Amino acid sequence: MRSDKKWSVQPTVSIELKDCIYRLSYITDQPVKDVVEAICEHGLERKKVISHLSQNFRRTVRVDNTLYIGDIERIPVKKRIAVGRTERISTRVDGNMHETLKVLAYSLDCSIARACALLLDASVRDVEFIDEFVQNYLQKHVDYNRMKELKKVLKYINENNPYSEEVSWGSFLSYLVDEVKLNAEKIQDSVETFVINHWKK
């Protein structure tokens, strides 16, 4: 078997989660399957995401250096009724991630696709992940001066926010894209339009 073999995984997720993933795909100008894979990778690296999932573990497993105790009395996630509409999305993962998803599926007593869906949901809800994902993308694709301006904007918003809410990179970029997406094809164009037309006035 080739070491770079990719495994197809097709998790069924809520419409809301699918929309969120497609939005990230649009914002970062990446294929949906790449975004799904990135979300899974980050989720598997974060102990708090795995700890959150472990509340549903029916079997005891070790992930990295942590032992998660399962409870066979827990209701299997595969028997829980989904609320609202769902749709299937597709991705391809490498052998290592596929093996880790198999471990999660074993501990959750469900299919690999279901384990992937639960991992996606838990990872996307991690605000730190979304911030890191968006900020990493911006740093790779937006030039230094514009990135500097965006940081100033975010700092200004958070320092002068009367609502005691902190605006994240993810929510800020989502707002920015909504503001200028009609005239911009890529996020780099959105950033340039925003910095020139809104911030530097």
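Each value in this text was obtained by applying a stated rule to the coordinates, not by laboratory testing. The structure displayed is predicted, hence computed values, not measured ones. A quick note on method: Cβ atoms are made from the backbone with ideal geometry, for glycine too, and the neighbour counts reach across all protein chains shown.
Here are a few things to note about the model shown:
- Both radii come from the Cα set of the range 33-95: Rg as radius of gyration, Rh as Kirkwood radius; their ratio Rg/Rh reads 1.01.
- Stretched out straight at 0.36 nm per residue, the stretch from Lys78 to Lys5 would grow longer than its current Cα-Cα span by 23.5 nm.
- Summary of the geometry: the range 1-44 and the range 104-154, compared by the centres of their Cα atoms, lie 10 Å apart.
- Mean silhouette area of the range 6-125, derived from the convex hull of its C-alpha atoms and averaged over all directions, reads 6.9 nm².
- For the residue pairs Lys18/Lys151; Lys6/Lys78; Lys5/Lys48; Lys47/Lys152, the C-alpha atoms sit more than 27 angstrom apart in Lys18/Lys151; Lys5/Lys48; Lys47/Lys152.
- Between Asp131 and Val167, full extension at 0.36 nm per residue minus the direct alpha carbon distance yields a gain of 12.0 nm.
- Sites Tyr26 and Asn145, calculated FRET efficiency, Cβ-Cβ separation with R0 30 Å, nearest 0.05: 0.75
- Listed peptides 142-148, 55-61 by packing density, highest first (mean Cβ within 10 Å): 55-61, 142-148
- Placing unit charges on the Cβ atoms only, positive for Lys and Arg and negative for Asp and Glu, gives the range 6-125 a dipole magnitude near 400 debye about its Cα centre.
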